[in-house]
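Notes follow once the structure below has been shown.
The values are calculated or read from the model by the stated rules, or taken from the named source; none is laboratory data. As the structure is a prediction and not an experimental result, all values here were calculated from the model. Backbone-built Cβ (ideal geometry, glycine too); neighbour counts: all protein chains shown.
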Amino acid sequence: MNTRSDLSPTGNAAGDIRNQDWYVDKFFQSAMFVCGISAIVFVIGIFIFVFKEGAGFIIQQMDWAEFFLSPKWRPTSATQATYGTLAMVAGTAAVTVISMAIALPFSFGAAIYIAEFAQGRTREWLKVIIEMLAAIPSVVWGFIGLMIMNPLIIESFDVPIGLNVLNAGIILGLMAAPIITSIAEDAFKAVPDTYREAAEALGATKWQVVYKVILPAAKNGLLSAALLGVGRAFGETMAVLMASGHALTIPGSVFDSIRALTATIAAELGETPVGSDHYQALFAIGIFLFTITFIINMTADFIVRGIKNQ
Amino acid sequence: MNIQENQPDIAIRTVSLNLWYGQFQALFDVNLEIKQGIITSMIGPSGCGKSTVLRSVDRINERLGYVRITGAINVLDKNIYDVDVDLAQLRKQVGMVFQRPNPLPISIYDNVIFGHRIHRPPGSKLHRDEEDGIVEAALRRVLLWDKVKDKLQRKATLDLSLEERQKLCIARLLPVKPAVLLMDEPCSALDPKGTAAVEDLIWELRGEYSILLVTHNMAQARRTSDECVFMLMGRVMEHSKTDDMFVTPTRRETADYIEGRYG
Ligand SMILES: Nc1ncnc2c1ncn2[C@@H]1O[C@H](COP(=O)(O)OP(=O)(O)OP(=O)(O)O)[C@@H](O)[C@H]1O
Ligand SMILES: [Mg+2]
């Protein structure tokens, strides 16, 4: 019914020709759609599951003041179980702070070098190496913390135990560095070259260009890189479980062992009866973690979007 | 090279300048003498090498990393390719205005004082009042002060018109007291009103600075320049007083170009 001359604009006619290409095209479109949708379905599914498991506890048993303000996590006490997360929150926070103190200067420095100074081969190699860091499984990092960092810290600082905030912080810092570096590098790349040229034409050296122009121009991107790094460090489980000492105390120094929120879930969930208060309390921690990482990622996302709209 | 006591009257002199972008030769045996204190315009069809000449004079071309030259470029009788030349010093002497206004993504105030802060001897710090004075003087010079005096701390990339941005880009060159201003089609991104305003400004600056102005706009070259250089395919075809060039061009190619027979 469709008479098509060779002169007809292809754009209009293309949709009506149901040849093999059309079907292949449609097939892949649908396949992509299903993949895209399923990602959303999974996220929502996970959220519902976690929330369902923890909700009963949050609504009925949970004492909000105790949950957030008490350092005592004694879920297995027969007489009086308490569910305070303060020590774990403090431990997680301490480790995150140390990890960022290590990762941020390192990553931003690396990103500046890669984006502004390195050329050709060096640049490609550096990027590959940093991506390789990102590919190391977290249990291997935990192993490094346990077997290498632990004795090293004991010896260097003359402390009784090397599984502590410092150890976990270093490990998490190294783990977060690749993401921060690559996002920070994108932020530097997004700074238009005309700015560099303008500043150099005014007589600025490369360093002056970096700290007077590039850094201010890229600061939102750097902020979101830092936030995603925080999210990464915060949510990490295995490595921090192995490197932190897993002791339930509010740390007073970087040499104190701590226990992270994530590590608590990982360590205890397998041994609690499904549906028990303890089990539900662990899910409440899960919801808490979920909320915080969600907020961190959203904030980072908003900042990035802010940059694009500028 | 000797330091000259009396100022030379040639601001820029190129001697047998050849330039290659990688394998591609963009300039052929360019010999130019740009006089001090006047406005010299540079015209020629697209791709003839006008920007290339300008970008060699403040050595900004070197950013590319694959540019090679032979010959010499003297700015105020100093060969800028001598080994003892300090790039920052050269760029202090030679200011560049680009085709697209490119204020830096920092405040208007910081844009204007940027060059001054960079070229200040390390460790020395100016009093805030002195900086304020410098910024105001520069902005007044480009007739922008009244427009921006209430938003000096606003980011320069936010709410200035193209004309205002281009004026700002000129203003930020002035605090370091350059001798030469290179302008690469400074009005081509502007509307007629903005063009007229910036042209007036360039004329304003005549005498105090030696200005080399690239333009595609024949009328602009006639209006604003004392001398004119016509380039074609990487070579200088003709260099004479602007009035002479437009009335009695000596070369066939110049006449053709002026009369619009090239793209
Ligand atoms: N970065 C570069 N790499 C390679 N070739 C270049 C580069 N910049 C310019 N060229 C080439 O050098 C020649 C001269 O370019 P130039 O930009 O100097 O011309 P122009 O006269 O300024 O032209 P227009 O009027 O379009 O601005 C052109 O053939 C151009 O393709
Ligand atoms: Mg050009």
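Couple of notes before you dig in:
- Number of positions in segment B:83-107 that are of a type in the set (G, A, S), within 24 Å of B:E208 (Cβ to Cβ) and more than 9 Å from chain A (Cβ to nearest Cβ): 0
- If you go through segment B:52-66 and pick out every residue that is within 14 Å of chain A (Cβ to nearest Cβ) and outside any loop (DSSP other than H, G, I, E, B), you end up with 9.
- Filtered residue count, segment A:203-255, keeping only those that are touching a Gly at 6+ places or on another chain (Cβ under 9 Å) and free of Cβ contacts under 8 Å to residues at least 12 places away in the same chain: 2
- Any hit, segment B:30-42, residues being among the charged types (D, E, K, R), in a strand (DSSP E or B), under 18 Å from the mean Cα position of the chain (by Cα) and over 19 Å from B:G234 (Cβ atoms): yes
- In the condition set (1) in contact (Cβ under 8 Å) with a residue 12 or more places away in the chain; (2) at the interface with another protein chain (Cβ under 10 Å from one of its Cβ atoms); (3) out of contact with any Gly (no Cβ under 7 Å at 6 or more places or on another chain), B:I118 is compliant with all but (3).
- Only a single criterion out of (1) surrounded by fewer than 16 Cβ atoms within 10 Å (Cβ to Cβ); (2) under 28 Å from A:A177 (Cα atoms); (3) of a type in the set (S, T, N, Q) is not satisfied by A:T82, namely (2).
- Any hit, segment A:164-185, residues being surrounded by fewer than 24 Cβ atoms within 10 Å (Cβ to Cβ) and within 14 Å of chain B (Cβ to nearest Cβ): no
- Residue that is farthest from B:M42 (Cα to Cα) [pool: residues in segment B:201-236 that are among the acidic types (D, E) and outside any helix (DSSP H, G or I)]: B:E208
- Any hit, segment B:100-120, residues being at pLDDT below 90 and part of a loop (DSSP other than H, G, I, E, B): yes
- Scope segment B:201-231; condition within 19 Å of B:N18 (Cα to Cα) and more than 14 Å from ligand 2 (Cβ to nearest atom); matching residues: B:F230
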